[in-house]
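Worksheet: one structure, shown below.
The values are calculated or read from the model by the stated rules, or taken from the named source; none is laboratory data. Quantities reported herein were computed from a predicted structural model and do not represent experimental measurements. Note: ideal-geometry Cβ built from the backbone for every residue, glycine included; neighbour counts use all protein chains shown. The accessibility values were calculated without ligands, DNA or RNA, using every heavy atom of the protein model including side chains. Shrake-Rupley method; radii C 1.70, N 1.55, O 1.52, S 1.80 Å.
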Number of protein chains: 2
Amino acid sequence: MRISEASAMSGLSVDTIRYYEKSGLVPAIERGSDGLRRFSPENIEWLVLLYWLRKTGMPMKEMRRFAALYREGEDSIAERKAVLLKHEERLRRRRADLDRCSEVLAYKIATYRKIEGEPS
Amino acid sequence: MRISEASAMSGLSVDTIRYYEKSGLVPAIERGSDGLRRFSPENIEWLVLLYWLRKTGMPMKEMRRFAALYREGEDSIAERKAVLLKHEERLRRRRADLDRCSEVLAYKIATYRKIEGEPS
DNA sequence: TTACCCGTCTGGAGCGACTCCAGGTCAAGC
DNA sequence: GCTTGACCTGGAGTCGCTCCAGACGGGTAA
């Protein structure tokens, strides 16, 4: 599978995939005899995971660490699990932020409605 | 109130507040005779709102537009409300992303637990 | 009174995470 | 054989901060 399809499947842009490879987040993709990248199903699965981690706020630095563990193989399973558990904690905090922001918005919007209801 | 206190109250860093002023997100803060910024309670309320909008993913460009409307006064209430309603929609999408990511993590973590349960 | 902090100021450099672009290669279709 | 389109690389540009150097001014302490 080539890079445009990998992009469509993972949600990452073509540029981002190349950038992630350069940055060591993706374990060097194989090349065909034409010099083009060929993505395996495991590559895709990995990209999808990166997509979600990144989209929900995991910093690149932590993703690089996670990628390094992945390259180490099964010995690093416990540490990888720890990274994901930590990210779950981050998701909880983000949900709390969204909820708090919703409250702030609800208050502001209510204020606006009041002003509209009683125009000066 | 001076900038460090404004920072403590709003959650924005001192640098970020100055940056927001430079970028036109904050309606030029008054200065004391010493040349230092003096923040009014309304300034603080505004910064708090910016803090939450930014923290939950509103782009600067949209915040600049929102700030411009704010400077126009009461005539822009309807448009400002529209901006906030649009942001509520963004919050919903972000919650959906967090939920989807939680699913992906749960699946991955379960896989890891299985591998740990049956070490090679 | 002089010395030294402290918090503030400005302008500008640096950074993380992309995003876009110029210029080049190659395979396939007309 | 020529164009088109997907891909390649290296590097510049962008957004949203963050940090830093160098200067100023007020308050305390020796």
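Residue pairs exceeding 32 angstrom between C-alpha atoms, taken from A:Lys22/A:Lys81; A:Lys22/B:Lys55; B:Lys86/B:Lys114; B:Lys81/B:Lys108: B:Lys86/B:Lys114; B:Lys81/B:Lys108.
Taking label positions 7 Å along the Cα-Cβ direction at both B:Tyr19 and B:Arg93, the computed distance is 2.3 nm, reported to one decimal. Comparing mean-square fluctuations of A:Gly24, A:Gly73, A:Gly11 from a GNM of chain A with C-alpha springs under 10 Å, the top value falls on A:Gly73. Centroid-to-centroid, using Cα positions, the stretch B:75-107 and the stretch A:33-55 are 28 Å apart. Summary for B:Glu62: label point 7 Å along Cα→Cβ; distances to the equivalent points in the other copies, ascending, 2.4 nm.
Mind checking A:91-104 for the average number of partner chain beta-carbons within 10 Å of each residue's beta-carbon? Can you show the working numbers first?
Values: counts 6, 2, 0, 7, 5, 0, 6, 10, 3, 3, 14, 7, 1, 7.
Mean shielding by partner chains, rounded to a whole number: 5.
Take B:Thr16: with every protein chain present and a 1.4 Å probe, its accessible area is about 40 Å². For B:Asp34, the solvent-accessible surface with a 1.4 Å probe is about 80 Å², rounded to the nearest 10. Shown for the protein assembly as shown is the translational diffusion coefficient from the Stokes-Einstein equation, using the Kirkwood radius over Cα pairs, a temperature of 4 °C and a viscosity of 1.567 mPa s: 61 µm²/s.
Sorted by accessible area with a 1.4 angstrom probe, largest first, how do B:Glu88, B:Glu30 fall? List each step's numbers first, then the result.
Details: B:Glu88 45, B:Glu30 140 Å².
Putting B:Glu88, B:Glu30 in descending order of accessible area: B:Glu30, B:Glu88.
Shown is the FRET efficiency for A:Met60 and A:Glu103, computed with R0 = 35 Å from the Cβ-Cβ distance and rounded to the nearest 0.05: 0.65.
Here the stretch A:8-110 is treated as a Stokes sphere of Kirkwood radius computed over C-alpha pairs; at 4 °C and 1.567 mPa s its diffusion coefficient rounds to 83 µm²/s.
In the context of the full set of protein chains, residues of the protein assembly as shown present 57 Å² of accessible surface per residue (probe radius 1.4 Å, heavy atoms only). Give a residue-ordered list of calculated ³J(HN,Hα) values for the stretch B:94-109 (Karplus: 6.51 cos²θ - 1.76 cosθ + 1.60, θ = phi - 60°; whole Hz; x for Gly, Pro). So the J values, rounded to whole Hz, are 5, 4, 4, 4, 4, 5, 4, 5, 4, 4, 4, 5, 4, 4, 4, 5. In chain A, carbon and sulfur make up what percent of the accessible area (probe 1.4 Å)? After summing per-atom areas, the C and S share lands at 51 percent. For the set A:Tyr112, B:Tyr70, B:Tyr19, the ranking by accessible area, highest first and with no ligand, DNA or RNA atoms included, is B:Tyr19, B:Tyr70, A:Tyr112 under a 1.4 Å probe.
Accessible area lost on pairing B with A, both sides, 1.4 Å probe, Å² to nearest 100? The partial results should precede the final answer.
Working: alone 8600 and 8580 Å², together 13640 Å².
Its buried surface, counting both partners, is about 3500 Å².
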